[in-house]
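J.: This is the structure I want to talk about, given as structure tokens.
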Amino acid sequence: MKTEKKPSRTVLPKTALPRIYRIDAEIASGKFPNSNDLARLFEISVSTVSRDIEFMRDRLFAPIDYDAFRKGYYYTEKTFRLPASFASAENLLAHGMAKSIFSLYRGTPLYEASSQFLESISTPITAGCNADWLENRIMVPQIASAKINSAVWEIVVAGLKENRNITFDYKGAWDEGYQNRRVRPYQLLFDSGVWYLYGFAEERKDVRIFSLSRMKNTRLTKDSFLLPKNFSYNDLSGDSYFGVFIGQEKYRFSIDCYGEAAVYAADRQWAADQKITAIKGGVIIEFSSTQYDKVLKWVLSCGCYAVPKRPQRLVGDWKWHISEMRKITRK
């Protein structure tokens with residue numbers, strides 16, 4: 001029985017685009033890869049590789065030839081690489097967005113490393129094209145950020161990677177001086193321009209959060225630890241999304257929002273069990289959270305457009321802040 005040959009590709013599937021560029025890199029490297037090599041690399045069939053090669057040769061005019069002696073593909077023009085214009089608009093957009101997001105980490109050791117990595121993997125996509133619009137038309141505005149000592153960063157990352165205890169001197173927001181801490185590092189957290197270490201503080205026998213900008217004299221110890229089953233920050237954040245903060249008690253919040261606060265509140269997901277009800281001139285937002293201090297800060301930031309209704313603790317703290325502001329304005 002005669003088997004029909006699969007028709008040649010006229011349009012490349014989006015999912016095949018990264019593979020095409022990788023095949024381009026493999027051939028340009030001078031390794032003389034053959035169809036079997038490429039099939040194993042991508043875990044696909046030899047026939048799929050053959051169609052990719054045929055598409056590159058016939059549609060993209062890649063000067064691909066086969067060397068019978070070396071039993072592999074090569075470029076007859078040694079300097080040939082696939083043009084960046086072949087990259088889809090979606091890929092170029094994703095590249096621009098990634099660079100913009102990385103800018104949030106500017107001023108930290110992560111920024112330089114992540115930028116270099118992005119450039120190394122995106123060169124085949126952006127090389128040779130006018131990519132100015134990626135830099136100038138897609139951006140994340142800069143936010144105020146806390147500076148981090150590179151030595152602190154390196155020790156914390158080493159502790160995370162090797163599951164080893166670290167020690168450091170730490171000055172909390174309300175502390176008068178530095179105190180020595182010994183911590184099992186679990187995770188690095190990023191929130192509003194600040195990097196935090198989330199881990200188990202041996203002095204407190206509980207998990208704590210430390211700002212990297214408030215740490216100094218960081219040291220990596222020889223003592224290793226085992227990660228507990230539920231070590232993640234997300235396991236204890238109470239299913240609400242107000243940034244980096246963990247409270248001991250979960251509250252059910254109810255806040256009346258008006259004007260711009262109503263629009264802002266209704267546009268976002270603040271918690272997994274969030275409920276929003278329309279009222280005259282605004283909305284009522286209800287949700288559960290352990291992040292009490294963060295919720296209080298958010299309500300106060302809304303000024304006269306947010307009125308807390310419960311819990312009673314939030315109502316009382318809100319009124320206290322209003323009273324103190326009145327005293328200041330009278331002076």
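What follows draws every value from the coordinates through simple rules; no lab data is involved. Quantities reported herein were computed from a predicted structural model and do not represent experimental measurements. Glycine also receives a Cβ, built like all others from the backbone with ideal geometry; neighbour counts cover every protein chain displayed.
J.: Residues in the range 226-251 that are touching a Lys or Arg at 6+ places or on another chain (Cβ under 7 Å) and surrounded by fewer than 17 Cβ atoms within 10 Å (Cβ to Cβ): how many?
T.: Going through the range 226-251 one residue at a time, the tally reaches 1.
J.: Quick one: in the range 285-301, which of the residues that are surrounded by fewer than 21 Cβ atoms within 10 Å (Cβ to Cβ) and either among the small types (Gly, Ala, Ser) or in contact with a Cys (Cβ under 7 Å, 6 or more places away or on another chain) (or both) is farthest from Tyr233 (Cα to Cα)?
T.: Ser301
J.: I need the full set of residues from the range 44-68 which are farther than 13 Å from Ala28 by Cα and assigned to a loop (DSSP other than H, G, I, E, B), in order please.
T.: Within the range 44-68, Ile44, Ser45, Arg59, Leu60, Phe61, Ala68 meet the criteria.
J.: Scanning for something under 20 Å from Gly243 (Cβ atoms) and touching a residue at least 60 places away in the same chain (Cβ under 8 Å), does the range 160-177 turn up at least one residue?
T.: no
J.: Let me ask you something else. Of everything in the range 150-196, what is in a loop (DSSP other than H, G, I, E, B) and among the polar types (S, T, N, Q)? Give them in sequence order.
T.: Asn163, Ser192
J.: Among the candidates Phe210, Phe190, single out the residue that is buried (at least 17 other Cβ atoms within 10 Å of the Cβ) and under 26 Å from Tyr241 (Cα atoms).
T.: Phe210
J.: Now, a different point. When you scan the range 239-331 for strands (runs of 3 or more DSSP E) that lie fully inside it, which ones turn up with 1 or more residues that are of a type in the set (A, V, I, L, M, F, W, C) and under 21 Å from Ser192 (Cβ atoms)?
T.: 251-258, 282-289, 306-310
J.: Residue under question is Val207, and the condition is that it be closer than 26 Å to Val315 by Cα and touching a helix residue (DSSP H, G or I) at 6+ places or on another chain (Cβ under 9 Å); does it hold?
T.: No, not satisfied.
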